[in-house]
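Accompanying notes for the structure given below.
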Amino acid sequence: MATLSASPSPNPNPNFRSPTDQTDHDPESLPHMELHPSSDQDPTPNSNPNFHAVLPTPPEAIAPAAAAAPSLLHISFNQDHGCFAAGIDHGFRIYNCDPFREIFRRDFDRGGGIGVVEMLFRCNILALVGGGPDPQYPPNKVMIWDDHQSRCIGELSFRSEVRSVRLRRDRIVVVLEQKIFVYNFADLKLLHQIETIVNPKGLCAVSQGVGSLVLVCPGLQKGQVRVEHYASKRTKFIMAHDSRIVCFALSQDGQLLATASSKGTLVRIFNTVDGSLLQEVRRGADRAEIYSLAFSSNAQWLAVSSDKGTVHVFSLKINGGSPGIDRSQSASDPVTSPHSSLSFIKGVLPKYFSSEWSVAQFRLVEGSQYIVAFGHQKNTVVILGIDGSFYRCQFDPVNGGEMTQLEYHNFLKPEAAF
């Protein structure tokens, strides 16, 4: 059986709350944990041909302390950006962002590569997909891991490799190269299938607010995104860019969508309900690969990371927007983002000169891959690197400019004590 690397505790994982301990969301939306049919039921109901009973969990043990840092295969934030997960070549690890600390780790003694780790807020349920040169699980399966039981309690099998997984308290979304499956969490019943353009990065985003589900994925054309509004049973197609879509992000309520193309120069913000373009901001003038986009919790700011080694923060000026979210700006907040000094002749010169630029920036190593999210402290950004780097930075919402580094850690260092 898998064991914690921390000291023994009567609770299998005291750092994880059970779903019923979550008080910040409607308990009616919490998933049930009994994912297996009983032994006298058909383990492959017609409503979900991809569901199979799980084989016994293979023996697991803590691997000996490695002399070198593990190879990082995957990093991702949880839904409220308070934690992040790392899939490595022999297991996975979960970290708290504020304060920064390792919550726990799972090390497997054979195979062990985990290519996808998707958290469900802070509860005990995770979705795992094998990855790397020696995967712990087949890369065409999604394993539902219950950390209270220290084992997999369900699995979903597919005919091709799983590119990514998204979790809500009521849904499991599995992304393949050209197809997306949406399941009910309570019984793993298949609810919806979506065809997409070739999607090797597994691009998909789901809203996390209680109630209506909004799902965004690539459409069937280059530069197109598809928005599914499940509450109103409406599908909206948005031609967001002329080039291939490489990154997008949803606001928590699913009302706002930020998109970036393979050019990597412009980021566009859309209203997901009617598909209208609300704002356009410029990362830079030269081509870049956008790695991640993130809205702040109140959708007042947007963070962008790219292979140019700079994280940008943009001010969003979205009027109206979704009910229940206050996007009003105080007197101390910036009224506008920086514009080119030649913006007054924007009708004559190319669009570049009237572009809206970032309010704040933070410089990193160029060429490395980073993902970003807004921290729980005011005006802070958390940056995670595929090299194991963790940065916490603060930006000045009034004066902008270079961000201040508040914290740095290498979360993969084997000698690090948490």
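The values are calculated or read from the model by the stated rules, or taken from the named source; none is laboratory data. From a predicted model like this one, the values you see are computed outputs, not experimental measurements. Please note: Cβ atoms are built from the backbone with ideal geometry, for glycine as well, and neighbour counts cover all protein chains shown.
What is the residue count in the stretch 111-133 for residues that are charged (D, E, K, R) and at pLDDT below 90?
1
Going through 300, 361 one at a time, which residue ends up being modelled with pLDDT of 80 or more, surrounded by 12 or more Cβ atoms within 10 Å (Cβ to Cβ), more than 25 Å from residue 272 (Cα to Cα) and among the polar types (S, T, N, Q)?
Sole residue among the options that is modelled with pLDDT of 80 or more, surrounded by 12 or more Cβ atoms within 10 Å (Cβ to Cβ), more than 25 Å from residue 272 (Cα to Cα) and among the polar types (S, T, N, Q): 361.
When only residues in the stretch 117-147 that are without any contact (Cβ under 8 Å) to a residue 60 or more places away in the chain and within 17 Å of the chain's Cα centre (by Cα) count, which is farthest from residue 167 (Cα to Cα)?
129
Return yes or no: is residue 294 under 30 Å from residue 235 (Cβ atoms) and either at pLDDT below 80 or crowded, with 17+ Cβ neighbours inside 10 Å (or both)?
yes
Looking at the stretch 229-246, which of its residues are touching a residue at least 40 places away in the same chain (Cβ under 8 Å), surrounded by fewer than 22 Cβ atoms within 10 Å (Cβ to Cβ) and of a type in the set (A, V, I, L, M, F, W, C)?
Within the stretch 229-246, just 246 meets the criteria.
For (1) farther than 21 Å from residue 232 by Cβ; (2) β-branched (Val, Ile, Thr); (3) assigned by TED's automatic domain parsing to the domain that holds residue 144, each residue gets a yes or a no:
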| site | (1), (2), (3) |
| --- | --- |
| 164 | yes, no, yes |
| 174 | yes, yes, yes |
| 191 | no, no, yes |
| 209 | no, no, no |
| 214 | no, yes, no |
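Does residue 108 meet the test of being modelled with pLDDT of 90 or more, out of contact with any Ser or Thr (no Cβ under 6 Å at 6 or more places or on another chain) and not polar (S, T, N, Q)?
The answer is no for residue 108.
Only one residue in 267, 304, 273, 281 is of a type in the set (Val, Ile, Thr), out of contact with any Gly (no Cβ under 7 Å at 6 or more places or on another chain) and part of a loop (DSSP other than H, G, I, E, B), so which one is that?
273
Got at least one residue in the stretch 171-189 being within 25 Å of residue 294 (Cα to Cα), more than 15 Å from the chain's Cα centre (by Cα) and among the β-branched types (Val, Ile, Thr)?
Looking for residues that are within 25 Å of residue 294 (Cα to Cα), more than 15 Å from the chain's Cα centre (by Cα) and among the β-branched types (Val, Ile, Thr), one finds at least one in the stretch 171-189, hence yes.
Determine which single condition residue 172 fails, assuming it passes every other condition in (1) outside any strand (DSSP E or B); (2) closer than 19 Å to residue 125 by Cα.
Status for residue 172: all satisfied but (1).
What are the residues in the stretch 263-277 that are among the aliphatic types (A, V, I, L, M) and either over 18 Å from residue 359 (Cα atoms) or surrounded by fewer than 17 Cβ atoms within 10 Å (Cβ to Cβ) (or both), if any? Give the steps one after another, and end with the answer.
Taking the stretch 263-277 as the starting set, the residues that turn out to be among the aliphatic types (A, V, I, L, M) are 266-267, 269, 273, 277.
Listed by number, the residues that qualify are 273, 277.
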